Amino acid sequence: MIEFSHVYKQYDDHYPVLKDINLFVDKAEFVFLTGASGAGKTTLLKHIYMEEFPTTGQVFVCGHESKNPKRSDLPFIRRTIPMLRRKLGIVFQDFRLLNDRNVFENIAFAIRATGASERIIKRKVFEVLAKTGLSHKCSHIPSQLSGGEQQRICIARAMVNDPLVLLADEPTGNLDVDISHEIFNLLKEINSWGTTVIMATHDQNLIEQYHYRRLVLDRGSLIKGGDSTVKPKEWKSIA
Ligand SMILES: Nc1ncnc2c1ncn2[C@@H]1O[C@H](COP(=O)(O)OP(=O)(O)OP(=O)(O)O)[C@@H](O)[C@H]1O
Ligand SMILES: [Mg+2]
């Protein structure tokens, strides 16, 4: 479902933030992605939804290939990205809710791009709001919701197109223990329907309590949980 093959990522003249990542995540797996702040968790997730491209190496996601794009690849990439993102649900570290629209519109926005009719949009939005327990908040704007409620709206928005893969970047960051468990249970439930879930987290409580595979990043290297049989190359060799 998701594969990283010798992926290096280097921003401009900076030290590489991902180093020789080799990784395979299967359909319907639940995987934790951990590592200290700045280790490269968000950058790795961005490679899955093609917000970033490898400097070298390849990423394969749901049948789409991503590599360092040449100029001539750009039209192909512009067509590929929307096709890929329709198969993914993304819960961003910084929420990215539209603050001038209510909860219903925030979620509906994610389906409108697929060209669905208003009747279907309404049905699907109310379905995911019921699943996340937030039907009664549908006409609120994000600033009228608690942090945990906003996070559940982000999950509802990520679920609404029935994704094959759900990427959740620190979905329990800054939430108290009870709310964190609520959010986590929601992700587990989504996973039980067959959706692959990759959750970036610092939450040691959750990691220790649930024995899902754990990918550990250390300053850009995957030191545990991946398919890292290949010795990382010296970063300078890719510059
Ligand atoms: N667009 C960018 N340009 C240059 N450097 C970047 C860019 N995005 C991220 N970085 C750097 O890449 C490294 C990894 O960042 P990333 O956001 O992936 O870490 P993270 O593991 O998600 O951290 P956190 O736990 O704090 O969210 C950091 O050193 C960061 O400064
Ligand atoms: Mg991050």
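The values are calculated or read from the model by the stated rules, or taken from the named source; none is laboratory data. Because the structure is a prediction, the values reported are computed rather than measured. No Cβ is skipped: glycine too gets one built from the backbone with ideal geometry, and neighbour counts run over all protein chains shown.
Got a sec? Which of 46, 41 is within 16 Å of residue 201 (Cβ to Cβ) and basic (Lys, Arg)? Steps first, please.
Working: 46 fails: within 16 Å of residue 201 (Cβ to Cβ).
Only one candidate qualifies: 41.
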Quiz prompt | Scan of segment 27-78 for residues that are at negative phi, small (Gly, Ala, Ser) and touching a strand residue (DSSP E or B) at 6+ places or on another chain (Cβ under 6 Å), ordered by number | solution = 39, 66
Quiz item: Out of the residues in segment 30-86 that are of a type in the set (Lys, Arg) and at pLDDT 95 or above, which is nearest to ligand 1 (Cβ to nearest atom)?
Solution: 41
Self-check item: Residues of segment 139-153 satisfying the condition of being over 17 Å from residue 186 (Cβ atoms) and out of contact with any Leu (no Cβ under 6 Å at 6 or more places or on another chain)
Solution: 139, 140, 141, 143, 144
Practice problem: Pick out the one residue from 60, 126 that is aromatic (Phe, Trp, Tyr) and over 22 Å from the mean Cα position of the chain (by Cα). | Solution: 126
Self-check item: Residue match in segment 71-92 (condition: closer than 26 Å to residue 114 by Cα, within 13 Å of ligand 2 (Cβ to nearest atom) and touching a Cys at 6+ places or on another chain (Cβ under 6 Å))
Solution: yes
Self-check item: Filtered residues of segment 105-130 (kept if crowded, with 19+ Cβ neighbours inside 10 Å and either touching a Cys at 6+ places or on another chain (Cβ under 9 Å) or polar (S, T, N, Q) (or both))
Solution: 106, 107, 125, 129
Quiz item: In segment 74-93, how many are within 22 Å of residue 17 (Cβ to Cβ) and free of Cβ contacts under 8 Å to residues at least 40 places away in the same chain?
Solution: 3
